[in-house]
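Read through the structure below, which is laid out as structure tokens, and then see the notes.
The values are calculated or read from the model by the stated rules, or taken from the named source; none is laboratory data. Bear in mind the structure is a predicted one, so any value in this text is a computation, not a measurement. Glycine also receives a Cβ, built like all others from the backbone with ideal geometry; neighbour counts cover every protein chain displayed.
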Amino acid sequence: MAMEYLGLDEINGPLVALDGVEGAGYEEMVRLRTADGERLGRVIALEGSRAVVQVFSGTSGLSLDGVSTRFSGKPMELALAPEIVGRIFNGAGEPIDGLGSVYPEKFADVNGSAINPVSRAYPRNYIRTGISSIDTLITLIRGQKLPIFSGSGMSHNRLAAQIVRQARISEEEGANFGIVFCAMGVTKDVADYFRRSFEESGALNRVTMFVNLSSDPIIERILTPRCALTAAEYLAFEQNMHILVIMTDMTSYAEALRELSSSKGEIPGRKGYPGYLYSDFASLYERAGVIKGRGGSVTQIPILTMPNDDITHPIPDLTGYITEGQIVLDRYLDQQGIYPPISVLPSLSRLMKDGIGEGFTRADHADVANQLFASYAKVSDARGLASVIGEEELSASDKLYLSFGDRFEREFLGQGADTDRTIDQSLDLGWHLLSILPREELERLDEKLLDEHYGKH
Amino acid sequence: MNDVIYSVNGPVVTVRGTRSFSMMEMVYVGDAGLIGEVISVTNEKTTIQVYEDTTGVRVGEPVKGSGAPLSATLGPGIMQNIFDGIERPLADIAAQSGAFIATGVRASSLPVDKKWDVTVLVKVGDYVHGGDFIASCPETSIITHRSMVPPNLSGSVVWTAENGQYTVTDPICRIRLDDGREETLYLAQKWPIRMPRPVRGRHSIDRPLITGQRVIDTLFPIAKGGAAAVPGGFGTGKTMTQHQLAKWCDADIIVYVGCGERGNEMTQVLDEFSELEDPKSGKPMTERTVLIANTSNMPVAAREASIYTGITLAEYYRDMGYDVAMMADSTSRWAEALREISGRLEEMPAEEGFPAYLPSRLAAFYERAGCVDTLAGGEGSISVIGAVSPQGSDFSEPVTQNTKRFVRCFLALDKSLAYARHYPAINWTISYSEYYEDLDPYYEKNIGPDFCRLRGRMLGLLSEENKLMEIVKLIGSDVLPDSQKVTLEIARVIRVGFLQQNAFHKNDTYVPLEKQMWMMDAIMHLYDRAAALCEAGVPVSAMSAAGLFDRLIKVKYEIPNDRVQMFGDVEKELDRVCDELLAKQKAAAPQKE
């Protein structure tokens, strides 16, 4: 569409409106030319000849007359080529690493489309993170979306960097492993921290970064995960790579969405977030998966900071309903100096049951995990009781649970940022700790396993 | 004729100044022919919700009416299929557009080429009414499909086809209506999804939907023709519970609606069901199952429709005389779709942004469940089990509260049970079933006269434990008298040995009612013996040390479903241990005196 429209009719927050537009498509890309350059935008509502456009880099400096607008006739597309691996882009998918633009092999609509449920393959193989609590109790499966629920000031960034550093898939496929890193509204320091830690671990050449800093425009933030996931889908399903997507911070993303929604004058749902927050999240999270007959996979680790550590806040709540489990970080453990401070009881990996055990990890994995969960759940009962009647008064078995709990937290959870444990090491450590408890307390393990492992590690 | 799009806002499209559409009519939107439905008509504008992604749709593109409301095509080929929210087979969509769903795909709901082995059931001269069977064919190896006269037609048969091989588009018979017009009938018919299919009448509920899940069958039974809700926060096992019910419940037909849920979960259902065998027939579970998958990232308007499509398919099979169970996972996503569309229409919101008509829509949906006399003169039923995903795990939110008003069985899933990996995490203090009265005669007649009494005792013990646990939390269990410790121990046996059920264990994933009865009997027998021992002065610690309680907890894994007589041996064994303890106590007691 070569037609160019001169001038705007309304500017309101990040939105501009044009009257007298013909033939514009919903969600189509728009280029707005001003005296000092070009801005990108997207059509978000059409009514008669009026088109409402959201401007990605914000409307500051725009005037009603000084703009000429061109409709591209296509939705927002991302230039893709195998060479995007190792590059750094801004939130709208433009290179910002000074290495010039990507020579595109193809363009893809950043909105993506839903994977047909019949074309999905059920995720079955795991990704080893080298972190005992995750590998043993909340196993990450290829094609899964497993968020980290954290809070401001906790070590989620350190954990994400450690996962990137240590993540391995089985040897023969190792070469095809890649990371897509998507930063939404993070501070400059955090973005630098990640870049540095990728560099130090030598991972940088397999990382594709999409960075939207907290000072960047919010509209671009809404686009950032879409660009990152489009790149991930391309690498996974067309270049047959196993892609791990780290998305931080989903809370900033949701807030950007709320800001946009309120500037559009939409009816707010809970806590002012738009009513379609669930569908919007789903359009991102559901882009994880494995497709039948294609080589690669997209695995997501979205990170979100729970406002006020509240897990019932709409952002973690709706995320938890879409993702296949969650890794919850705990402030108390964090304050105890335990890293990673993973609170195992509310954490869960829904897909783990089919991706562990014989042939994947180890035959006793599921039972050990179950028993560790069950025993650790009893620890909190014993601690609750101890806080009321004092540790001295506890029964002998409750005392054993207390010491199991302390050692579990210090040794099993608190492995530190530099320890990379194999699955065997993690499971053996699990057995070692379970052996603190009397054998008859281990209800979830059968006699054969107990004979084989109890007290032997 | 010349109706064109005036505005686009997400899934909502309007057309200005036209009078050519009727309410609820299905329309094709834009050059791509996206499927939509008219949801409001005024002098000024017609509003349409579109069931596909509207990216790229332009103002000025045409909108064409179909002349009929959004309908489901009902005929052989539904079973074993997997559809999207508006009954398009996902496999056909995949064949046309690849692994990612494209827009504007037209796919016929039922396989048009497949020939069915048809037996014609009417002859020339018969007078047939709506709902009467005209032909039957084996749809799968366990389901016989009976094609019916559409409910609103009746007349005399003037021509029939021979028995033989026909597709869903081949004529089967022709009838002359009372007004003289002739109508050709096929194996398949269409029915508007938002309209309940008519029945002759409803009859009372008297049979349970047997699920093989102890906490449901025994404590909180669901009736055939009943409605149940399964609310729970994320990670509490809603979907797992729904899967277990879909796998094991004794309905003839399962309609499983994945409404706004995860894509990987639907794949799991597909994978697992094709590997599992139906316990009654030994055939793959998929042969009696139809899946409707509208995952959370598929268009929101189709999510709203998926529930209606599902219940319409269920009603169709009910009309053939089958017992149908429909699982809707999750009704909250459906309610959210209502809210989302309502927001786009700028309707005045009620509670938490949900539209004011949420309760009436929920009621209309759950009321389509029931035990009925079909038009054909048989009996059929639809049981609906709807998952609810309360925001923030808060059961006071509008969807949970309104659902509670329309269902009679409430299976509340509990986070703390799930954290302790107690599955199914159905909380026995806040769940309830109002079907006791209707179903007790069935249990007493078919399972055992003691069944309801045992259940009552068990519930009593659990609520007593609940009370005692409050004391234990404050001062520890050591200070309780032995009689109360026995209660706690037996309650633990009930919780771990009976209520907890392992979906991955071959002896435990499904448990027939008879075995449930035996288990209850054994537990209560142990309770009586333990209480008597306690009275005789045997300390609870001695009973625990003798393994009385733990023995019974492990029984659930040891006794296969087909060998319930082994419970007699277990009870004997427990009796023996009890006798020994008693003897030891008696031997020790005189010395003390």
Worksheet entry | Options B:377, B:392: the member that is part of a loop (DSSP other than H, G, I, E, B) and among the small types (Gly, Ala, Ser) | B:377
Item to complete: Take the residues in the range A:340-350 that are touching a helix residue (DSSP H, G or I) at 6+ places or on another chain (Cβ under 7 Å) and in a loop (DSSP other than H, G, I, E, B), then tell me which one is nearest to the other protein chains (Cβ to nearest Cβ).
Response: A:341
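Name the helices (runs of 4 or more DSSP H) wholly inside the range B:274-370 in which the number of residues that are within 14 Å of another protein chain (Cβ to nearest Cβ) is 3 or more.
Details: elements: B:300-319, B:331-344, B:358-366.
In the range B:274-370, B:300-319, B:331-344 are the helices (runs of 4 or more DSSP H) which contain 3 or more residues that are within 14 Å of another protein chain (Cβ to nearest Cβ).
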Worksheet entry | residue A:377 in contact with a helix residue (DSSP H, G or I) (Cβ under 8 Å, 6 or more places away or on another chain) and small (Gly, Ala, Ser) | yes
Worksheet entry | Residue identified as assigned by TED's automatic domain parsing to the domain that holds residue B:339 and crowded, with 24+ Cβ neighbours inside 10 Å among B:230, B:257 | B:257
Item to complete: Determine, yes or no, whether residue A:363 is touching a residue at least 12 places away in the same chain (Cβ under 8 Å) and of a type in the set (Gly, Ala, Ser).
Response: no
Worksheet item: So which residues in the range A:269-285 are surrounded by fewer than 24 Cβ atoms within 10 Å (Cβ to Cβ) and within 7 Å of chain B (Cβ to nearest Cβ)?
Response: A:270, A:283
Discussion item. Can you pull out every residue in the range B:53-73 that is in a loop (DSSP other than H, G, I, E, B) and facing chain A (nearest Cβ under 10 Å)?
Written reply: B:53, B:54, B:55, B:56, B:57, B:59, B:60, B:61
Worksheet, complete the sentence: Taking the range A:355-378 and keeping only residues that are within 12 Å of chain B (Cβ to nearest Cβ) and either touching a Gly at 6+ places or on another chain (Cβ under 7 Å) or among the hydroxyl-bearing types (Ser, Thr, Tyr) (or both), one is left with A:366, A:372, A:375, A:376
Fill in: Out of A:40, A:46, A:18, sole residue that is buried (at least 16 other Cβ atoms within 10 Å of the Cβ), of a type outside the set (Val, Ile, Thr) and away from chain B (no Cβ under 14 Å)
A:40
Worksheet item: Take the residues of the range A:383-399 that are within 12 Å of residue B:473 (Cβ to Cβ) and exposed (fewer than 13 other Cβ atoms within 10 Å of the Cβ): which is farthest from the other protein chains (Cβ to nearest Cβ)?
Response: A:387
Response to the item:
Checked B:439, B:345, B:362 against criteria (in the same structural domain as residue B:239 (by TED's automatic domain parsing) and within 26 Å of residue B:201 (Cβ to Cβ)); the one match is B:362
Item to complete: Kindly establish whether residue A:183 is surrounded by 18 or more Cβ atoms within 10 Å (Cβ to Cβ) and part of a helix (DSSP H, G or I).
Response: no
Worksheet item: Right, residue B:242: within 14 Å of chain A (Cβ to nearest Cβ), within 11 Å of the chain's Cα centre (by Cα) and part of a helix (DSSP H, G or I) or not?
Response: yes
Response to the item:
Among B:538, B:555, the single one that is outside any helix (DSSP H, G or I), surrounded by 13 or more Cβ atoms within 10 Å (Cβ to Cβ) and either within 14 Å of chain A (Cβ to nearest Cβ) or β-branched (Val, Ile, Thr) (or both) is B:538
Response to the item:
Going through the range B:60-81 in order, the residues found to be touching a Pro at 6+ places or on another chain (Cβ under 6 Å) and small (Gly, Ala, Ser) are B:71, B:77
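Is it the case, given these coordinates, that residue A:78 is within 14 Å of chain B (Cβ to nearest Cβ) and either in contact with a strand residue (DSSP E or B) (Cβ under 7 Å, 6 or more places away or on another chain) or surrounded by fewer than 22 Cβ atoms within 10 Å (Cβ to Cβ) (or both)?
Spelling it out, it is not the case that residue A:78 is within 14 Å of chain B (Cβ to nearest Cβ) and either in contact with a strand residue (DSSP E or B) (Cβ under 7 Å, 6 or more places away or on another chain) or surrounded by fewer than 22 Cβ atoms within 10 Å (Cβ to Cβ) (or both).
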Worksheet item: Is at least one residue of the range B:403-411 β-branched (Val, Ile, Thr), within 13 Å of chain A (Cβ to nearest Cβ) and outside any loop (DSSP other than H, G, I, E, B)?
Response: no
Worksheet item: Got a number for residues in the range A:100-141 being of a type in the set (A, V, I, L, M) and part of a loop (DSSP other than H, G, I, E, B)?
Response: 5
Worksheet, complete the sentence: Of the candidates B:66, B:22, B:40, the one satisfying the condition of being among the hydroxyl-bearing types (Ser, Thr, Tyr) and touching an Asp or Glu at 6+ places or on another chain (Cβ under 9 Å) is B:66
Worksheet item: For the range A:1-61, which strands (runs of 3 or more DSSP E) that fit wholly inside it have 1 or more residues that are closer than 16 Å to residue A:217 by Cβ?
Response: A:10-12, A:15-18, A:28-34, A:37-47, A:50-55
Discussion item. Considering only the range B:247-256, I want to know if a residue exists there that is in contact with a Cys (Cβ under 8 Å, 6 or more places away or on another chain) and away from every other protein chain (no Cβ under 14 Å).
Written reply: no
Worksheet entry | Test for residue A:317: is it closer than 30 Å to residue B:346 by Cα and either facing chain B (nearest Cβ under 8 Å) or among the hydrophobic types (A, V, I, L, M, F, W, C) (or both) | yes
Item to complete: Would you please name the residue that is farthest from the other protein chains (Cβ to nearest Cβ), looking only at residues in the range A:95-126 that are among the acidic types (Asp, Glu) and exposed (fewer than 15 other Cβ atoms within 10 Å of the Cβ)?
Response: A:97
Item to complete: Inspect the range B:456-470 for any residue being within 14 Å of chain A (Cβ to nearest Cβ), in contact with a helix residue (DSSP H, G or I) (Cβ under 7 Å, 6 or more places away or on another chain) and closer than 29 Å to residue B:240 by Cβ and give the result as yes or no.
Response: no
Worksheet item: What is the number of the single condition among (1) hydroxyl-bearing (Ser, Thr, Tyr); (2) in a helix (DSSP H, G or I); (3) surrounded by 21 or more Cβ atoms within 10 Å (Cβ to Cβ) that residue B:383 does not meet?
Response: (2)
Worksheet item: Within the group A:146, A:137, which residue is buried (at least 23 other Cβ atoms within 10 Å of the Cβ) and over 18 Å from the mean Cα position of the chain (by Cα)?
Response: A:137
Fill in: the range A:319-371: number of residues that are under 23 Å from residue B:391 (Cα atoms) and either among the aliphatic types (A, V, I, L, M) or over 21 Å from the mean Cα position of the chain (by Cα) (or both)
8
Item to complete: List the number of the failed condition for residue A:419; all other conditions in (1) in contact with a His (Cβ under 9 Å, 6 or more places away or on another chain); (2) of a type in the set (S, T, N, Q); (3) in contact (Cβ under 8 Å) with a residue 40 or more places away in the chain hold.
Response: (1)
